[in-house]
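The values are calculated or read from the model by the stated rules, or taken from the named source; none is laboratory data. Note that the structure is a prediction, hence the values are computed from the model and not measured. Counting neighbours? That spans all protein chains shown, and the Cβs are built from the backbone with ideal geometry, glycine included. These accessible areas exclude ligands, DNA and RNA; they are computed on the full protein's heavy atoms, side chains included. Shrake-Rupley method; radii C 1.70, N 1.55, O 1.52, S 1.80 Å.
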Amino acid sequence: MILAGDIGGTKTVLALIEPLADGTLHSVREQTFASREFLDFEEILDLFLADQPPPTSACFGVAGPVVEQRCQTTNLPWLLDGRRLQQKLGTDQVKLLNDLEAMALGMLHLPPEDFVELNPAAEPQTGNIAVIAAGTGLGEAALYWDGQRYHPIATEGGHSDLAPQTEQQDRLLVYLRQLFPDHVSCERVLSGNGFSHLYDFLLADRFAPACPAIPAAHAESEVDRNALISRLGVGGEDPLCEEATRLFAELYGAEAGNLALKLLATGGVFIGGGIGPKIRKVLESGEFLRSFAAKGRFQPLLAKIPVKLALNPRAPLIGAMHYFADLLGKH
């Protein structure tokens, strides 16, 4: 029995998986927990595994940097230790993966219908694959191709420097430096909170009047400001929200292109995370792809790379499910 988990700042999803003789994986049990309601991850494990047979192996995708099989979660006060989990679970087959590593593995097991190709000129070929995912934060990972199989590689590339490419983006960087004087990362705009940062910049830049439906910055409100900005923007219901969403797609495409260049991702780019499917209409408009390929002399190379938007939010869990099964050649 394989124990798999997707551990995030908002929710933790655990699943017990049974590998079948035909190579498929059968889900025996799956449960979602509100992460912040628990003092540590082991509380969740105790609840989930009560009255269940002990797993023979366990793999967890964790939102945070994994160093020597230990992870201090980025948005939770949890410290996960692989050796401690081995003792608790009674098996030496325990693996902690960065959540983007797990997502990258999961992408390899998604069916074609779970993807939308954003590049109509794509020419499929083998090679490294880049994975980028805007959600609560901005995750980036690689799938290294050794000529026979893919190997996931974690990064913290979402925290790299934001690089403006237009006069409007120049002004955006100046604006963001006032908010974050020490460092302006890509994640400041390419994440859930990024919609608010972009909206507030455009308002200060006098692009258009404020949207009456959007609460003022720092105002107390039960409205999810970021979600409302993106929804109104995708629907074209407000000029300021629409431009904020367009600018998000432009910046997202540029950073995806940067990652593709750094990894020489001729095998393609996978776009994961929760934001992509919600702004699918904007990503499909061509704004993302134009910015993705706008890399000067390397434009011809990037213009042919497949760029696939993943619609399945379970990719990190699916990757954790398959880690030991793939390792043992069960799938």
Kirkwood Rh and Cα Rg combined as Rg over Rh, evaluated for the range 185-307: 1.01
Difference of contour (0.36 nm per residue) and Cα-Cα distance, SER27 to ALA50: 6.6 nm
Accessible-area order (highest first, 1.4 angstrom probe) of the listed residues SER221, SER185: SER221, SER185
The chain, helix-only ellipticity at 222 nm - DSSP H runs n ≥ 4, -39,500 (n - 2.57), divided by all residues, nearest 500: -10500 deg cm²/dmol
Contour excess over end-to-end distance, with Cα ends at ASP224 and LYS88 and 0.36 nm allotted per residue: 45.1 nm
Exceeding the 30 Å Cα-Cα cut-off - candidates LYS11/LYS295; LYS95/LYS295; LYS88/LYS278; LYS95/LYS262; LYS88/LYS308; LYS11/LYS304: LYS11/LYS295; LYS95/LYS295; LYS88/LYS278; LYS88/LYS308; LYS11/LYS304
Cα gyration tensor shape of the range 135-194, rounded if a/c is under 1.5, else prolate or oblate by comparing a/b with b/c: prolate
Where a label projected 7 Å from the Cα of ARG171 along Cα→Cβ would reach, residues of the range 204-233 with amide N under 18 Å: 204-211
Summed residue charge, Cβ within 13 Å of LYS295's Cβ, Lys/Arg positive, Asp/Glu negative: +3
Net +/- balance of residues flanking LEU261 in space, Cβ distance below 12 Å, scoring K and R +1, D and E -1: +2
With all protein chains modelled, accessible area of VAL282 [1.4 Å, Å²]: 20 Å²
Relative contact order (%) - the chain, alpha-carbon pairs under 8 angstrom, separation at least six: 22 percent
Computed magnitude of the charge dipole of the chain (debye, nearest 20; Cβ of K, R +1, Cβ of D, E -1): 600 debye
Percent accessible area from carbon and sulfur atoms, the chain, protein chains only, probe 1.4 Å: 51 percent
Leading residue at positive end of dipole, the range 111-311 (Cβ point charges), from ALA154, THR136, SER185: ALA154
Residue-normalised accessible area of the chain, expressed per residue, 1.4 Å probe, Å²: 48 Å²
Scattering profile of the range 1-111 at q = 0.14, 0.18 Å⁻¹ [log10 I(q)/I(0), Debye over alpha-carbon scatterers]: -0.53, -0.91
Normalised alpha carbon radius of gyration of the chain [divisor 2.2 N^0.38 Å]: 1.03
